[in-house]
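Notes to accompany the following structure.
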Amino acid sequence: MQAYLASVLRGALLTGLYFAGAVIAVFYLRTPSDVTLFWPAAGIGLAAVIRYGLWQTLTIPIAMLLLHLFVVPVPPLFMAYSLASNTLATLLAGWYVHRGHDHNRRIHLRTADGYLLLRGGLLLSVTSAAIGTAGMLHAGMVPASELARVFLQWTLGDLLGVTCLGPLLLYLFYRKPGVAPARKVVGRYEVLGWSALVALMLGLVYVTGRLGTQYPLALASLPLGLLLWSAVFAAGLKLLFSI
């Protein structure tokens, strides 16, 4: 009974996390017909499915339904496509990653696992974009002449969400509670500083987008650049303290 309650609670938390990631992306949209270049929910959903199993995809349509009912309404004809694009793409990508690695071990920071996750993210992005683009065309949200642009933006938005949040969440999901690292390399103030920089960059993209310019297209890669730089910095510190 306790295990069942824990599973239900985890599902509710993951639903809320996916919903929060989708709401963040909505801030970059002007109309329901826009396509965001950053979809954090893609990384959240894929990490949850890889860590806790394929059944976690059940949380995605619930979160998306709440999003469309209370945050960003869409035409009823597009609703099914929206739910299917995120759910089926995550299910397919999660199945691919589970099929490609040994179930007796966890995902690690190694080249083989990195390429496996990247292939899974690409599969998720392309599948979701194909379904979503078809849905927008069917619902009359975009003309046929805009399909290539919509497909590319949708693919890149999902892929950016996967690469930004997927590895971080997998690390947090696999981390055992109560187990402290052997050496504390980064202190509390450093973590707060990095968090403030990430929030500042996301806020800069949002504010620039509200000005009605195309500059957010260039600024969308700033959070990813900060993430990659901080990963290299952390790896360097780990190597330094291990010498």
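Quick one: if the Förster radius is 30 Å, what FRET efficiency do L122 and L9 give, using the C-beta to C-beta distance and rounding to 0.05?
Working from the Cβ atoms, E equals 0.40.
Which FRET efficiency value, to the nearest 0.05, do you get for Q2 and L69 by plugging their Cβ-Cβ distance into 1/(1 + (r/R0)^6) with R0 = 30 Å?
0.40
I'd like the Karplus ³J(HN,Hα) series for segment 163-175: coefficients 6.51, -1.76, 1.60, θ = phi - 60°, whole numbers in Hz, and an x wherever there's a Gly or Pro.
Rounded to whole hertz, the list is 6, 6, 10, x, x, 4, 5, 4, 4, 5, 5, 7, 5.
L29 versus L172, label points 7 Å from Cα toward the beta carbon: distance in nm?
That separation, rounded to one decimal, is 2.3 nm.
Might you tell me the accessible area per residue for segment 58-98, computed with a 1.4 Å probe and given in Å²?
Solvent-accessible surface per residue comes out at 46 Å².
The values are calculated or read from the model by the stated rules, or taken from the named source; none is laboratory data. All values derive from a computational prediction rather than experimental measurement. Glycine gets a Cβ as well: all are built from the backbone with ideal geometry, and neighbour counts include every protein chain shown. Side chains are part of the model used for accessible areas, which takes the heavy atoms of the whole protein and leaves out ligands, DNA and RNA. Shrake-Rupley method; radii C 1.70, N 1.55, O 1.52, S 1.80 Å.
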